[in-house]
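Visitor: Below is a structure I'd like to ask you about.
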Amino acid sequence: MTTKPAAHKRRATREEHRLGLLRTMTTIRRFEEACVELYSATRIRGFLHLYVGEEAVATGVLAALGPDDAVVSTYREHGHALARGVPMDAVMAEMFGKQTGCSRGRGGSMHLFDKSVGLIGGNAIVGGGIPLAVGLALADRMQDRGRVTACFFGDGAAAEGEFHESLNLASLWRLPVLFCCENNLYAMGTAIAKEHARTNLAARASSYGIESAAVDGMDVLAVEEAAREAVRGIRAGGGPRFLELDTYRFRAHSMYDSDRYRNKAEISTWKERDPIDALVTALRAEGHLTEESLAHLESDIGEQIARAVAAAEAAPLEPVEDLTRFVCSEEVEA
Amino acid sequence: MSETLETTYRDALRDAIREAMRADDRVFLMGEDVGDYGGCFAVSLGLLEEFGPERVRDTPLSESAFVGADIGAAIGGMRPIVEIMTVNFSLLALDQIMNNAASLLHMSGGQFNVPLVIRMTTGAGRQLAAQHSHSLEGWYAHIPGLRVVTPATLEDARGMLATALRDPDPVLMFEHGSLYPMKGTLATDAGAVDIDHAAVRRPGTDVSLITYGGSLGKALAAAALLDQDGVSADVIDLRTLRPLDDTAIVESVRRTHHAVIVDEGWRSGGISAEISARIMEEALYDLDAPVERVCTAEVPLPYAKHLEEAALPQPPGIAAAALRTLG
Ligand SMILES: Cc1ncc(C[n+]2csc(CCOP(=O)(O)OP(=O)(O)O)c2C)c(N)n1
Ligand SMILES: [Mg+2]
């Protein structure tokens, strides 16, 4: 075997992979933009927390996971759901509160679940998912499954007792958890310097004996690389890992937020580091992306979203008679 | 005649906090996003500018720690007002509320009282699903050592806080999320109100609709429906869930001989069960029919609008329950 074709083949794969990352990030962005419109048209209700600006985090981390791994997320989880492979139709239908939604209309934007891809919510109690991830990992350890559980939460969550208690447990028991702290510098309107006596969150994880790193969360390639390294370490039996992913939400905390706690200059500085633009620029510089292919990607995604909206509009509502279904299990173990 | 102003439930709450903070240096406000953000539901908007960050204190997301710290501050001579964004998040501080705030006075043989006010949002109706929509004030009303108040009107939003701050013991104030934008007029000199008694919000003769908080409006709407059927409903706003005003409940039942309890909490083991039991204990022979209850369906609340609406008490269901008692 000559080296040349192999090298050529490897480059092609890498390029395809990067285009895939671009597709995922763009899908998340456009999906959420559509949600904003639908929200304004009152087709979607409840709280709507957008991930715009943070797409590289979910995209990069989830690219490093395998199909059997598990994911625990927050109320800002459209990105995690889509990047993990929850069908867009099912996510959109959930936003509409339809029967075909991934949580059968019971959860809405904040509670996306999909067992088939290992997405265990969609948790809207800040910090509430972190102990769950520890327990999922414990079950995997006890049943000799090689699964890794990735757990996403924000900088604000790192102030909750459950964060500290969970990191300690995971480290103490050397459990296979990948803690992913999405540090977007704010917990709602409270800036990180007003939330934390020490703002170096990776260092805080280290104090529990967990190997940790801070990563540029606006660079999807850096995120993916750090996540791959961490997942390798976890699978090798090295216990939990912690990634602090430094990022920024470009929009308000939710649809109900006047964003009076951040200044415009700060927001626009971060927007210059748009993770999608950054990848587009890199791919273009390497000659891997043309105007046409980008336009094609966009129109593809646009059509996919239009189809998802149409399907959600047409989908049936859960019958009212089923209101109290799923409070208790319908089948009991024999 | 005193002058009046147009206001909202939200603004009335804010005026009450402002007045208390102006009147007493020991009073301060603490909670998540009460400062820079202006309050999750904009109740504290503008207070940071007036009182500064020492007295309008943003906290990290640490419900157990900051509620516990306010208990300590109350023992230490301050008069904290704590804001917890919603009742579901108060569960992270339940240990402090129950095992410290409610118990310290008794455990210490009367030495340490806890003059603390905890305000929080409660209730459903905004499609916020199962982690943001519950009505757990009935749980808190289970706990000796606490007082539980549920302002349902502008007067009470404006006036309950001052009285709660005078209470030597912890008071929990539940603000139904749907009430914040409620508009109306208030006397410009509106101030402290009593928090010991229930109120008759609409006098009637045929059936008692006993309710509180966010369900008051629904009970009044049901009363209007019943009116069309020639049925006169007596609408009781409990105002305080602990201690319950048994006298007001019993007096109403003696007037009407029929009772419907309307509660956004769940039926099983809820405050509606307690109220019903007290009617049995104190007014059984005044009843002409069994007590009816209209409560939230026994389900963690769903997101979808039609399901959420079906889960919650609604005026037609309340009116139907009233008609059932009348046979
Ligand atoms: C226990 C709890 N407290 C408060 C809230 C209200 N709340 C929702 S999101 C949020 C901010 C969380 O910030 P962070 O963890 O940094 O995540 P981000 O929203 O920035 O992604 C708050 C205060 C909640 N959902 N749960
Ligand atoms: Mg944050």
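The values are calculated or read from the model by the stated rules, or taken from the named source; none is laboratory data. All values reported here derive from a predicted model rather than from experimental measurement. Cβ placement follows ideal geometry from the backbone for every residue including glycine, while neighbour counts extend to all protein chains displayed. For accessibility, only protein heavy atoms count, side chains too; no ligands or nucleic acids. Shrake-Rupley method; radii C 1.70, N 1.55, O 1.52, S 1.80 Å.
Visitor: Quote the charge dipole size of chain B about the Cα centre in Debye, to the nearest 20; the model charges only the Cβ of Lys and Arg (+1) and of Asp and Glu (-1).
Guide: In total the dipole reaches around 220 debye.
Visitor: Could you pull out every residue, at least 5 positions away or on a different chain, whose amide H is within less than 5 Å of the one on B:S103? Hs are placed 1.01 Å off N in the peptide plane, and Pro or chain starts have none.
Guide: Correct list: empty.
Visitor: Okay, moving on. Which residue, B:A16, B:A289, B:A233, tops the fluctuation ranking in a GNM of chain B built on C-alpha contacts under 10 Å?
Guide: Sorting by GNM fluctuation, first place goes to B:A289.
Visitor: A further question follows. Non-local amide H neighbours of B:G265 (under 5 Å, H modeled in plane, Pro and chain starts lacking H): which ones?
Guide: For B:G265, the qualifying residues are B:T296.
Visitor: Could you list which residues have their amide H under 5 Å from that of B:R242, counting only those 5 or more apart in sequence or on another chain, with H placed in the peptide plane?
Guide: B:V148
Visitor: Okay, next question. Please tell me the relative contact order of chain B in percent, rounded to the nearest whole number, where contacts are Cα pairs under 8 Å and at least six residues apart.
Guide: So the answer I get is 16 percent.
Visitor: Which whole-Hz ³J(HN,Hα) couplings does segment A:188-203 yield from phi under the Karplus relation 6.51 cos²θ - 1.76 cosθ + 1.60, θ = phi - 60°, glycine and proline marked x?
Guide: Going residue by residue, I get 6, x, 9, 5, 4, 5, 9, 9, 10, 5, 10, 8, 7, 6, 4, 5 Hz, with x marking Gly and Pro.
Visitor: Rounded, prolate or oblate: pick one for chain A, where a ≥ b ≥ c are the square roots of the eigenvalues of its C-alpha gyration tensor, a/c under 1.5 means rounded, and failing that, prolate if a/b is larger than b/c, else oblate.
Guide: Since a/c stays below 1.5, the shape of chain A is classed as rounded.
Visitor: For segment A:163-231, state which trypsin sites (Lys or Arg not before Pro) are in a DSSP loop and have at most 12 other beta carbons lying within 10 Å of their beta carbon.
Guide: In loop regions of segment A:163-231 (DSSP not H, G, I, E or B), the sparsely surrounded trypsin sites (Lys or Arg not before Pro) are A:R198.
Visitor: Taking a probe of 1.4 Å, how large is the accessible area per residue of segment B:4-187, in Å²?
Guide: 34
Visitor: Tell me, rounded to the nearest percent, the portion of alpha carbon pairs in segment B:285-327 spaced more than 11 Å apart.
Guide: 68
Visitor: Still on this structure, I have one more. Return the residues of segment B:20-50 for which accessible area with all protein chains present is lower than in the chain on its own by 30 Å² or more; set the probe to 1.4 Å and exclude ligands, DNA and RNA.
Guide: B:D33, B:D36, B:Y37
Visitor: Now for a separate question. For segment B:199-326, what is the accessible area per residue in Å² when the probe is 1.4 Å?
Guide: 38
Visitor: On to the next question. On the protein heavy atoms, probe 1.4 angstrom, tell me the percent of accessible surface of segment B:4-187 carried by carbon and sulfur.
Guide: 55
Visitor: Go ahead and run the numbers for FRET between A:R273 and A:W173, Cβ-Cβ distance against an R0 of 25 Å, rounding to 0.05.
Guide: Efficiency computed from Cβ-Cβ geometry: 0.10.
Visitor: Contact order normalised by length for chain A, with contacts defined as Cα pairs under 8 Å and 6 or more residues apart; what percent is it?
Guide: 21
Visitor: A further question on this structure: Would you list A:T74, A:T24 from the most to the least accessible area, probe 1.4 Å?
Guide: Final ranking, largest accessible area leading: A:T24, A:T74.
Visitor: While we're on this one: On the accessible surface of chain A, probed at 1.4 Å, how many percent belong to carbon and sulfur atoms?
Guide: Of the solvent-accessible surface of chain A, carbon and sulfur hold 54 percent.
Visitor: Determine the dipole magnitude for segment A:17-322: charges of +1 sit on the beta-carbon of Lys and Arg, -1 on that of Asp and Glu, nothing else is charged, the reference point is the Cα centre, and the result goes in debye to the nearest 20.
Guide: The dipole magnitude comes to about 520 debye.
Visitor: Oh, and also: What does the buried accessible surface come to for A and B, summed over both chains, with the probe at 1.4 Å? Round to 100 Å².
Guide: Heavy-atom accessible area buried at this interface is about 3000 Å².
Visitor: Something else about it: Between the chain alone and the structure with every protein chain in place, find the residues of segment B:125-144 that drop at least 20 Å² of accessible area; heavy atoms, 1.4 Å probe.
Guide: When all protein chains are present, B:Q127, B:L128, B:A129, B:Q131, B:H132 each give up 20 Å² or more of accessible surface.
Visitor: Would you list B:D234, B:D288, A:D277 from the most to the least accessible area, probe 1.4 Å?
Guide: From most accessible down to least: B:D288, A:D277, B:D234.
Visitor: Using each residue's phi in segment B:106-118, evaluate 6.51 cos²θ - 1.76 cosθ + 1.60 at θ = phi - 60° and report the 3J(HN,Hα) Karplus result to the nearest Hz, with x for Gly and Pro.
Guide: Going residue by residue, I get 5, 4, 8, x, x, 7, 10, 8, 10, x, 10, 10, 10 Hz, with x marking Gly and Pro.
Visitor: What residue among A:S293, A:L323, A:A310 has its Cα farthest toward the positive end of the dipole of segment A:279-334, where the charges are +1 on Lys, Arg and -1 on Asp, Glu, each on the Cβ?
Guide: A:S293
Visitor: Would you mind working out the magnitude of the charge dipole of the protein assembly as shown relative to its Cα centre, with +1 at each Lys and Arg C-beta and -1 at each Asp and Glu C-beta, to the nearest 20 Debye?
Guide: Using Cβ point charges on Lys, Arg, Asp and Glu, the protein assembly as shown gives about 1500 debye.
Visitor: How much accessible area per residue does segment A:17-322 have, in Å², with a 1.4 Å probe?
Guide: Ligands and nucleic acids excluded, the result is 38 Å² per residue.
Visitor: I've got another one for you. Lys/Arg Cβ at +1, Asp/Glu Cβ at -1, dipole of the protein assembly as shown taken about the Cα centre: which of B:Q127, B:A259, A:L119 is farthest positive-ward?
Guide: Of the options given, the answer is A:L119.
Visitor: How far, in nm, would the chain grow between B:R166 and B:S103 when pulled straight, counting 0.36 nm per residue and subtracting the alpha carbon separation?
Guide: My answer for the length gained is 20.8 nm.
Visitor: Now a separate question. Taking 40 Å² as the minimum loss, tell me which residues in segment A:180-200 lose that much accessible area going from the chain by itself to the full protein complex (1.4 Å probe).
Guide: The answer is A:M188, A:T190, A:K194.
Visitor: Put +1 on the Cβ of each Lys and Arg and -1 on the Cβ of each Asp and Glu in segment B:199-326; which of B:V250, B:L220, B:S276 then has its Cα farthest toward the positive end of the dipole?
Guide: B:L220
Visitor: Over segment B:255-327, with every protein chain in place, what whole percent of the accessible area is carbon and sulfur at 1.4 Å, could you tell me?
Guide: About 54 percent, which is the carbon plus sulfur part of the accessible surface.
Visitor: Mark the label point 7 Å from the Cα of A:Q99 along Cα→Cβ and return the residues of segment A:303-332 whose backbone N is within less than 16 Å of it.
Guide: Once the point is set 7 Å along Cα→Cβ of A:Q99, A:311-326 turn out to lie under 16 Å by backbone N, inside segment A:303-332.
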